[in-house]
Structures are given as C-alpha cells and as structure tokens.
Amino acid sequence: MTEIRKKSRLNRATGWDVLIVIILTLIAIMIFLPFYNAVVISLETNRAYALHPVSMYPVEFTLRNYAHLIEKGQIGVGYRNTIFITFAGTVLSMFAMVAMAYAFSRKRFPGKKFFFLLMMFTMFFSGGMIPTYLQFKNLGLINSVWAIILYSGVSAYNIIILKNGFEQTPPELEEAAKIDGANDLVIFLRVELPLQGALLATFTLFTAVGYWNEWFWSTLLINSGSKMTLQVVLKAIVAESAALEDVSTGEAGLDAFAQGIKMAAVMLTMVPIMCLYPFLQKYFVKGVLVGSVKM
C-alpha cells in the first residue's frame, strides 16, 4: 500500500511541473511565431504586406517572391555548391574523426599522449585568420570549395566525445570477436561502429549543419560567383533586396518585394536542413550524453 502511494506521488504533477511546462510553452511560442510570420511574409504580395505587416495567414497569396529568386539563378548555384560541400565534407570529416577517436580509445600506442595533447591544444588556440588564409593561398586552394571542406574537417571536441564512446564498449565483446577469428578491421566495422550508432548519427548531423551554414570562410576564400555557397548567395540577395525599390504600379501587389524576397530566401535556405531533424532527433539526447561522462 505504501509503495502504491509513493508511485502516485511520483506520477502526480507538482506546481513546479506546471510552471515549467507553462514557461517552456511560452518560449516555444516565442520561437515559433517569428518563424511562422517569415513564412507568411514570403507568400504575400507587396500590397498585402503594407496593409498587414503581421498576419496569421497570407492575405494575398503569391509565389512571386520564390519565383524571383529562382529566376535569378543564384539560389541554384548556391544549392549545388553547398550540397557538394556538405556531402563531401561530412563524409570526409566523419571518416577522419571516427578513425582518430577509435585510435585514441586504444589503450597503448607510441606517442598517444603527445598526439592527444596536441589535438587538445587546437581547442584553445588557433592559427588565426590571416595565417590560415595565407596557408590556403600557399596550397593553391583560394577560390576552391575544397578549402571550405578542409577547414572544417576535424573537430577536437567531437573526437573526444567519440573516443569516450568507444572506450565504454564492453571489452568482453572485443575478446569474443577475437576468439571467433575476427581481426581489428572486422571488430571495428562490425562490433565497435554499430554500438556507436547514436553518436555517429548525432555528430553526422552536427557536422552537416556546420557545413551547410558555413558563411565566414566562404566569403573570404571564394571569389567566383559560380562557386559561391548558399549562405553567401543569401547574403547577396538580402543586400540586394534591401536596396530594391518596391514597384508602385497598378499591379504592384503581384510583384516581388524586398521583405518578401528576404523571407523567401531564408525559407529556401532553412527548410532542406530542417527536414533532417525529425529523422535523427531521437538520437540527440543519447548521442550527446554517451561518452560525455569521462575524459
């Protein structure tokens, strides 16, 4: 009887629980409303936006703002380059980080402590913007998408978390695989990697989002219009639309306008990467917590 009462108390919502739910709900609404308003503005005409700057639905629905972006052709170039950078960069980055993390998770190998401290050093000190630019220039990678891929290729933080994840694998599994005749490569591919599915999914998404949103180094290292990334294209469109004079003819309500172009560009940039989150969301909490207990 006492146990039943304890369980009922645990399942009963307290005043603090209700308060936390209310606060989180208000925060969620505050985050959602600006995003939803951006969607509405991107689907409205100039005339409707002038009359109703904030509305719950497009008063005069139009796709002219999106058509304006597509007609200019910049979005297509940005998508092409960013998709290639994101895919190639994520594959190469995850390969390098997983390989390094697995190597550091092994108990002994020559120079392990030195190389680990050297990697840790990069978390606190970087080469700086000018030396990095000069290094890419000396390598002949200016105005090359590979400069963006290589710059963001390795994260010491991700390697440490992956390393701790590998270290938490029960040693009995590796010993059993060796008894069955498996070599180190088979153990790595068939025993270690499957157990790190949550970590791999989480950091794959984080890495992909990082490449997708890359803007600063793309601006510095890419000069050719045909190699610009989506974020650089978005910046150019926003700057151009800020100087755009809204048409005031009789059909102005059907034409693209500055604010609508901005919001349409934001939507075209955000939506593709947002579509990945629902498929990998369940791995986030587990993937971030696994391996984060010890260094």
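Listed values, structure above:
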| item | result |
| --- | --- |
| Tabulated pairs, the stretch 103-125, first within 21 Å of residue 168 (Cα to Cα), second of a type in the set (D, E, K, R), C-beta under 7 angstrom, 6+ apart or interchain | 104/112; 104/163; 105/163; 105/167 |
| Residue match in the stretch 171-186 (condition: crowded, with 16+ Cβ neighbours inside 10 Å, outside any helix (DSSP H, G or I) and either touching a Phe, Trp or Tyr at 6+ places or on another chain (Cβ under 7 Å) or among the hydrophobic types (A, V, I, L, M, F, W, C) (or both)) | yes |
| Residue within the stretch 127-142 that is touching a Lys or Arg at 6+ places or on another chain (Cβ under 8 Å) and part of a helix (DSSP H, G or I) present | no |
| From 241, 226, residue being of a type in the set (S, T, N, Q) and modelled with pLDDT under 80 | 241 |
| Given (1) under 22 Å from residue 226 (Cα atoms); (2) of a type in the set (Phe, Trp, Tyr); (3) over 26 Å from the mean Cα position of the chain (by Cα), index of the condition residue 87 fails | (3) |
| Qualifying residue in the stretch 272-288 (condition: buried (at least 20 other Cβ atoms within 10 Å of the Cβ), touching a helix residue (DSSP H, G or I) at 6+ places or on another chain (Cβ under 6 Å), farther than 23 Å from residue 54 by Cβ and modelled with pLDDT under 65) | yes |
| Residue match in the stretch 113-121 (condition: part of a helix (DSSP H, G or I), basic (Lys, Arg), more than 22 Å from residue 231 (Cβ to Cβ) and within 22 Å of the chain's Cα centre (by Cα)) | no |
| Those residues of the stretch 136-149 which are without any contact (Cβ under 8 Å) to a residue 12 or more places away in the chain and either within 25 Å of residue 104 (Cβ to Cβ) or not assigned by TED's automatic domain parsing to the domain that holds residue 91 (or both), in sequence order | none |
| Hits in the stretch 1-43 (condition: modelled with pLDDT of 85 or more and outside any helix (DSSP H, G or I)) | 43 |
| The stretch 44-73, subset in contact (Cβ under 8 Å) with a residue 40 or more places away in the chain and either in a loop (DSSP other than H, G, I, E, B) or more than 21 Å from residue 236 (Cβ to Cβ) (or both), residue farthest from the chain's Cα centre (by Cα) | 47 |
| Cross-chain or 6+ apart pairs with Cβ under 8 Å, the stretch 150-168 first and within 25 Å of residue 214 (Cβ to Cβ) and in contact (Cβ under 8 Å) with a residue 60 or more places away in the chain, then buried (at least 17 other Cβ atoms within 10 Å of the Cβ) and acidic (Asp, Glu) | 152/214 |
| Tally of residues being touching a Phe, Trp or Tyr at 6+ places or on another chain (Cβ under 9 Å) and of a type in the set (D, E, K, R) across the stretch 134-166 | 1 |
| Selected residue (criterion: farthest from residue 268 (Cα to Cα)) from residues of the stretch 64-119 that are hydrophobic (A, V, I, L, M, F, W, C) and touching a Lys or Arg at 6+ places or on another chain (Cβ under 7 Å) | 104 |
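The values are calculated or read from the model by the stated rules, or taken from the named source; none is laboratory data. Bear in mind that the values here come from a model prediction, so they are computed numbers and not experimental data. Neighbour counts run over all protein chains shown; Cβ positions are idealised from the backbone, glycine included.
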